[in-house]
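The values are calculated or read from the model by the stated rules, or taken from the named source; none is laboratory data. As the structure is a prediction and not an experimental result, all values here were calculated from the model. With ideal geometry, Cβ positions are generated from the backbone for all residues, glycine too; neighbour counts draw on all protein chains shown. Each accessible area value is taken on the protein alone, full model and side chains, heavy atoms only, with ligands, DNA and RNA left out. Shrake-Rupley method; radii C 1.70, N 1.55, O 1.52, S 1.80 Å.
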Amino acid sequence: MAPTAGAAKSKKPSGSNFAQQNMPAFRPLFTPMAVGSIFLIIGVPFVILGAIVNVATSSIKEVSLEYSELSDCKILSTGAAATCQVTVKVDDDMPAPVYVYYELTSFYQNHRSYVKSYDKSQLLGDVEWTEYTDKNCAQLSLAGDGVTKLHPCGLMANSLFNDKILVSSGQSVSYDGIAWSTDGAKYVQPEGFKFKEDTTIGAACTGACSDAQCASVNYGKGCKRWSCPAGEEGYYGCKEGKSYVYWYPEDSTYQYLYETFPEVVSPIRGVQEQRFQNWMRAAAMPDFRKLHAVIDSDLKAGDEVAFTIEANFDDSIFGGTKSLVLTTTTWFGGKNDFLGSCLAGIGAVCLVFGIGFIGKQLSNPRPLGDLTKLG
């Protein structure tokens with residue numbers, strides 16, 4: 001019989017498997033034997049992987065020295081640097097490259113206010129001070145005089161670890177190549193910055209140069225001259241015995257990074273200094289290490305590595321410590337005893353449960369119901 005006009009349309013769904021939610025599905029049944037097998041499948045690879053990681057990390061040689069409490073290295077008053085010599089004795093052969101880290105404890109780089117306190121546009125070379133700069137650097141935006149603006153501003157940049165640490169025992173050492181290669185694009189000198197080797201002005205200019213001297217090298221007013229410190233060419237990335245003329249935009253308005261931390265940052269590098277780039281990569285934990293240098297020569301057991309340290313970073317402010325760490329690496333990376341033990345421990349627990357389930361089922365099987373009635 002044909003439906004009458006105006007009759008209500010049926011809302012009954014079709015009888016297809018899709019409409020009736022009767023699609024084929026995988027419904028695993030976790031019997032004791034199946035559960036035991038799963039534990040074994042998980043446990044065996046974890047134990048093997050843990051053993052491999054433990055073997056790899058056990059071959060890493062490491063030696064450290066806490067120097068912050070040594071009498072000669074201890075900062076006695078705020079703003080007063082301490083200069084000292086420390087020696088680290090190598091206990092085992094350490095093939096090159098040997099990585100030199102500084103280690104801080106109880107310094108919370110992961111604090112939310114600290115991590116947010118910087119202005120990305122400044123790090124990319126912008127010299128314009130905007131409302132966003134004020135917002136991003138609300139905690140610290142002015143230098144000690146209360147007038148001059150910091151560039152870069154914020155807590156992160158202006159708490160830079162500024163202990164000057166030099167390897168002084170003659171080993172071949174590099175202070176470059178210590179930052180992530182991808183970080184270079186994140187840090188650009190202020191727009192308009194320029195520098196070149198000084199072949200014109202000479203010793204007539206020490207520090208700030210006269211307008212005439214700046215004009216002689218085609219630089220604007222306020223250019224300055226800086227000489228590469230003898231014996232520290234590798235540390236500052238300059239050439240031995242050379243001097244440089246440089247110019248920063250709005251120099252009277254801003255205090256730039258090299259002026260805030262002249263001990264560890266040269267004016268010709270500024271924010272492109274890799275020690276600074278490493279510092280700006282915030283650590284997740286309060287106890288952390290950051291790469292400082294790489295020793296390119298093998299160290300033998302009994303060798304001594306001497307360091308000349310100019311301590312400027314006052315650890316007493318935050319109740320922490322400062323240490324030097326010398327370490328090697330493997331294909332796995334740095335030393336990590338926890339990860340291998342954790343993997344092996346998880347694998348062992350899974351094996352115990354797996355053997356227990358299977359053993360119980362084999363020795364004292366429990367009859368199961370009709371599995372076809374399940375699901």
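Does the stretch 165-210 hold any residues that are among the β-branched types (Val, Ile, Thr), more than 32 Å from the chain's Cα centre (by Cα) and part of a strand (DSSP E or B), and which are they? Quick ask: steps written out before the conclusion?
Within the stretch 165-210, the subset among the β-branched types (Val, Ile, Thr) is 165, 167, 173, 178, 182, 188, 199-201, 206.
Subsequent filtering for residues that are more than 32 Å from the chain's Cα centre (by Cα) retains 199-201, 206.
Answer for the stretch 165-210, where residues must be among the β-branched types (Val, Ile, Thr), more than 32 Å from the chain's Cα centre (by Cα) and part of a strand (DSSP E or B): there is none.
Could you please let me know if Asp287 is closer than 24 Å to Cys84 by Cα and either open to solvent by 60 Å² or more (accessible area, probe 1.4 Å) or in contact with a Gly (Cβ under 7 Å, 6 or more places away or on another chain) (or both)? The answer is yes for Asp287. One residue alone among Thr57, Thr78, Thr87 is more than 20 Å from Asp296 (Cβ to Cβ), among the hydroxyl-bearing types (Ser, Thr, Tyr) and not in a loop (DSSP other than H, G, I, E, B), and that residue is Thr57. What number of residues within the stretch 262-284 are within 26 Å of Val88 (Cα to Cα), among the aliphatic types (A, V, I, L, M) and surrounded by fewer than 19 Cβ atoms within 10 Å (Cβ to Cβ)? The total comes to 1. Beta carbons closer than 9 Å, at least 6 apart along the sequence or on distinct chains, never pair a first residue in the stretch 180-205 that is over 26 Å from Val127 (Cα atoms) with a second that is open to solvent by 80 Å² or more (accessible area, probe 1.4 Å) and in a loop (DSSP other than H, G, I, E, B).
Just one of the numbered conditions (1) without any contact (Cβ under 8 Å) to a residue 40 or more places away in the chain; (2) crowded, with 20+ Cβ neighbours inside 10 Å is not true of Gly241: (2). Residue check: Phe39 meets all listed conditions (1) touching a residue at least 40 places away in the same chain (Cβ under 8 Å); (2) touching a strand residue (DSSP E or B) at 6+ places or on another chain (Cβ under 8 Å) but one, namely (2).
Has the stretch 6-13 got at least one residue that is open to solvent by less than 50 Å² (accessible area, probe 1.4 Å) and modelled with pLDDT under 95?
Residues of the stretch 6-13 that are open to solvent by less than 50 Å² (accessible area, probe 1.4 Å), as a first pass: none.
Within the stretch 6-13 (the criterion being open to solvent by less than 50 Å² (accessible area, probe 1.4 Å) and modelled with pLDDT under 95), the answer is no, since none of the residues qualifies.
Out of contact with any Asp or Glu (no Cβ under 9 Å at 6 or more places or on another chain) and either modelled with pLDDT under 90 or open to solvent by 40 Å² or more (accessible area, probe 1.4 Å) (or both), is that true of Ser227? So Ser227 does not fit the description; no. Each residue in the stretch 166-223 was checked for being out of contact with any Leu (no Cβ under 7 Å at 6 or more places or on another chain), within 30 Å of Val86 (Cα to Cα) and of a type outside the set (D, E, K, R), and 13 pass. Check whether at least one residue in the stretch 130-151 is surrounded by fewer than 20 Cβ atoms within 10 Å (Cβ to Cβ), touching a Phe, Trp or Tyr at 6+ places or on another chain (Cβ under 6 Å) and farther than 24 Å from Asp315 by Cα, and report yes or no. So far as the stretch 130-151 goes, yes, one or more of its residues are surrounded by fewer than 20 Cβ atoms within 10 Å (Cβ to Cβ), touching a Phe, Trp or Tyr at 6+ places or on another chain (Cβ under 6 Å) and farther than 24 Å from Asp315 by Cα.
So which of Ser297, Ser316, Ser323 is under 30 Å from Phe276 (Cβ atoms), open to solvent by 70 Å² or more (accessible area, probe 1.4 Å) and either assigned to a helix (DSSP H, G or I) or not basic (Lys, Arg) (or both)?
Numbers: Ser297 fails: open to solvent by 70 Å² or more (accessible area, probe 1.4 Å); Ser323 fails: open to solvent by 70 Å² or more (accessible area, probe 1.4 Å).
The unique qualifying residue is Ser316.
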